[in-house]
Amino acid sequence: MIIDMPDTTTGAVSKRLVQLRESNGVITQGRVLTLVVCTLASSEAEDAIDAANDASREHPCRVVVLARGDRDAETRLDAQIRVGGDAGAAEVIVLRLTGRLVSHESSVVVPFLLPDTPVVAWWPRGAPEFPSRDSVGRLAIRRITDATYAPDPQATIRGRHATYAPGDTDLAWSRITYWRALLAASLDEPPYEQVESVTVSGLREEPALDMLAGWLAARLECPVRRRTGPLEVRLHRPTVSIGISRPQTGRTATLTRTGDPDQRIALARRETRDCLAEDLRRLEADEIYREALAGMEKVIYE
């Protein structure tokens, strides 16, 4: 069910939500959090809503989407309520802001926060430099950004360390969860030698690889080089070299180890909805993410 409410107020939208609960049995009981999605424009909202709907099947929540319009236009709030099959396991409220409301996002969103539940803020694109200082970010205990879609993804992810606050994370980090698991497992096999050096190569504009390089630099405390080239991670030990490579758009990776046959492993690029669902599983500070950000300062860029 989709209900459009053009040129409305937050009070009118809240009243309509109450009416839906009373007349149609639409309820918010069981919602575990409020997910506030801050989009740059209405045109970007649908992809974010689709990802949030998918993630809500694992984390039932209320999704409040803030779609920023023209600051110089007439001040106006257009709302849309989605429930039932159009909202996954969530209750979606889309708020399209124009005029002066664009500068007062937090004031618009506060009436829709579920009581006694945590708030998570997500910026699919156009995240603020300091998410924890943003008006919406200050309402949240978890703040999710995505450097992948920044104008300069590599510079953006490398700058996250300077602006980090407990509760911050980036989807570039959750995109490498399976890579991290494979690398950790490959090192947990004989010979148990110290890793002497690491090479991480791939697209320059892929911040997930910068995060991977930073994590390896922080954990292994050895030289880690980040290069532009085919997608590959290679760890060098005194007698054994371990590598994981995959075509840029492929779904299957190859694990190579000196003296052993090559292994084929399913390793497709993770979708945004999967990364978002993973980040919603933990609402406390992610210290390993912070260490990976700090580790990027040790990476040698070539």
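Some observations on this one:
- From the list R227, R204, the one residue that fits, being touching an Asp or Glu at 6+ places or on another chain (Cβ under 7 Å) and of a type in the set (K, R), is R227.
- Only one entry of D78, D54, D70 meets the criterion of being within 20 Å of L17 (Cα to Cα) and acidic (D, E), and that entry is D78.
- Residue that is within 30 Å of A52 (Cβ to Cβ) and not in a helix (DSSP H, G or I), where the choices are I265, I244: I265
- Restricting attention to the stretch 186-217, the residues being in a strand (DSSP E or B), open to solvent by less than 10 Å² (accessible area, probe 1.4 Å) and not small (G, A, S) number 2.
- G99 meets the conditions (1) of a type in the set (G, A, S); (2) surrounded by 20 or more Cβ atoms within 10 Å (Cβ to Cβ); (3) on the phi > 0 side of the Ramachandran plot in every case but one. The failed one is (2).
- Residue among G167, G137 that is on the phi > 0 side of the Ramachandran plot and open to solvent by less than 20 Å² (accessible area, probe 1.4 Å): G167
- Residues located in the stretch 247-262, provided they are assigned to a strand (DSSP E or B) and either of a type in the set (D, E, K, R) or at positive phi (or both): R257
- Members of the stretch 257-302 found to be hydroxyl-bearing (S, T, Y) and either in contact with a Phe, Trp or Tyr (Cβ under 7 Å, 6 or more places away or on another chain) or surrounded by 16 or more Cβ atoms within 10 Å (Cβ to Cβ) (or both), listed by number: T272, Y289
- The set of residues from the stretch 36-72 being farther than 20 Å from P131 by Cα and part of a helix (DSSP H, G or I) comprises S42, S43, E46, D47, I49, D50, A51, N53, D54, A55, S56.
- Among residues of the stretch 59-84 being out of contact with any Gly (no Cβ under 9 Å at 6 or more places or on another chain) and of a type in the set (V, I, T), the one that is modelled with the lowest pLDDT is V83.
- Residue in the stretch 227-246 that is out of contact with any helix residue (DSSP H, G or I) (no Cβ under 8 Å at 6 or more places or on another chain), within 20 Å of P191 (Cβ to Cβ) and either of a type in the set (V, I, T) or in contact (Cβ under 8 Å) with a residue 60 or more places away in the chain (or both) present: yes
- Of all residues in the stretch 211-223, at least one satisfies being acidic (D, E), within 26 Å of E193 (Cα to Cα) and free of Cβ contacts under 8 Å to residues at least 24 places away in the same chain.
- Residue within the stretch 115-128 that is of a type outside the set (V, I, T), more than 23 Å from Y289 (Cβ to Cβ) and at pLDDT below 95 present: yes
The values are calculated or read from the model by the stated rules, or taken from the named source; none is laboratory data. Note that the structure is a prediction, hence the values are computed from the model and not measured. Cβ: placed from backbone, ideal geometry, glycine included. Neighbour counts: every protein chain shown. All accessible areas refer to the heavy atoms of the entire protein, side chains included, with ligands and DNA or RNA removed. Shrake-Rupley method; radii C 1.70, N 1.55, O 1.52, S 1.80 Å.
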